[in-house]
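First comes the structure, then the notes that go with it.
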Amino acid sequence: MAQYFEVHPDNPQPRLLKQAAALLADGGILAVPTDSSYALVCQLDDKAAADRLRRIRQVDEKHHLTLLCRDLSELSSYAHVDNRQYRLLKLATPGPYTFILDATKEVPRRLSHPQRKTIGLRVPTRSTTLMLLELHGAPLLSTTLIPPGESEPLNDPEEIREHFEKLIDGIVDSGACPLQPTTVLDLTPMGTGGAAVVLREGAGSLAALGL
């Protein structure tokens, strides 16, 4: 049965989020708010938790998980970033963008794209998620919280509780999230002199990045 943490959306209570972080450290899976929708998260280096996360979502290993990072410097530890890419990332983080970049050796091989060795990363703006990342002390693996067989993510913490409380270990409730997905940008072509490729236009403004 999932533990339920009701936190303030702008001033989350550290005491509650420390308890949530302890569940992650123990191999748990949480539902957490982001700036695009709720997501399921687990710790990065826990294969059993990552496999369980995929089973809950009913997705296979071809479905790539995204790393939630605290800030741009942490993102740069898990992806190769050149000067052009860095300038664009600086404009866009934190924010509702997901970036595809070449993975470093810090990313377990099973989590990167098997042919291209790329990884999706993002730095959210949501105060609750940023504090949880800070307390956990490392990036989290994430996937949008979409129930199996559905196409839209869940946005209501009570509905998440109804669907998932017997499947996951904790639910962090800081109110509803926007339902618009992140803008997804493939930055790998920039590493060879090309331009960023828009894979999905979502909540993140392309104009703000000059794209």
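Please work out which residue is surrounded by the most Cβ atoms within 10 Å (Cβ to Cβ), limiting yourself to segment 40-49 and to residues that are part of a helix (DSSP H, G or I) and modelled with pLDDT of 90 or more.
The residue in question is Ala49.
Here is a yes/no grid of residues against (1) of a type outside the set (D, E, K, R); (2) modelled with pLDDT under 95; (3) under 26 Å from Ala176 (Cβ atoms):
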| site | (1), (2), (3) |
| --- | --- |
| His63 | yes, yes, yes |
| Glu74 | no, yes, no |
| Pro94 | yes, yes, yes |
| Glu106 | no, yes, no |
| Arg109 | no, yes, no |
| Pro114 | yes, yes, no |
| Leu135 | yes, no, yes |
| Ala138 | yes, yes, no |
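Hey, any hits in segment 59-73 for a residue that's part of a helix (DSSP H, G or I), in contact with a strand residue (DSSP E or B) (Cβ under 6 Å, 6 or more places away or on another chain) and under 22 Å from Val32 (Cα atoms)? Checked against the condition, which is being part of a helix (DSSP H, G or I), in contact with a strand residue (DSSP E or B) (Cβ under 6 Å, 6 or more places away or on another chain) and under 22 Å from Val32 (Cα atoms), segment 59-73 yields no hits at all.
Being assigned to a loop (DSSP other than H, G, I, E, B), closer than 21 Å to Lys166 by Cα and touching a residue at least 12 places away in the same chain (Cβ under 8 Å) is a property that Gly27 has. Of the residues making up segment 164-190, those that are modelled with pLDDT of 90 or more and over 17 Å from the mean Cα position of the chain (by Cα) are Phe164, Lys166, Leu167, Asp169, Leu187, Thr188, Pro189, Met190. Taking segment 189-211, which residues are assigned to a helix (DSSP H, G or I) and surrounded by fewer than 20 Cβ atoms within 10 Å (Cβ to Cβ)? Pro189, Gly191, Thr192, Ala207, Ala208, Leu209 - these are the residues of segment 189-211 that are assigned to a helix (DSSP H, G or I) and surrounded by fewer than 20 Cβ atoms within 10 Å (Cβ to Cβ). For the criterion of being within 22 Å of Leu24 (Cα to Cα) and either surrounded by fewer than 17 Cβ atoms within 10 Å (Cβ to Cβ) or not β-branched (Val, Ile, Thr) (or both), Ser77 passes.
The values are calculated or read from the model by the stated rules, or taken from the named source; none is laboratory data. What you see is a predicted model; the values in this text were computed from it and never measured. Ideal geometry is used to build each Cβ from the backbone, glycine not excepted, and the neighbour counts take in all protein chains shown.
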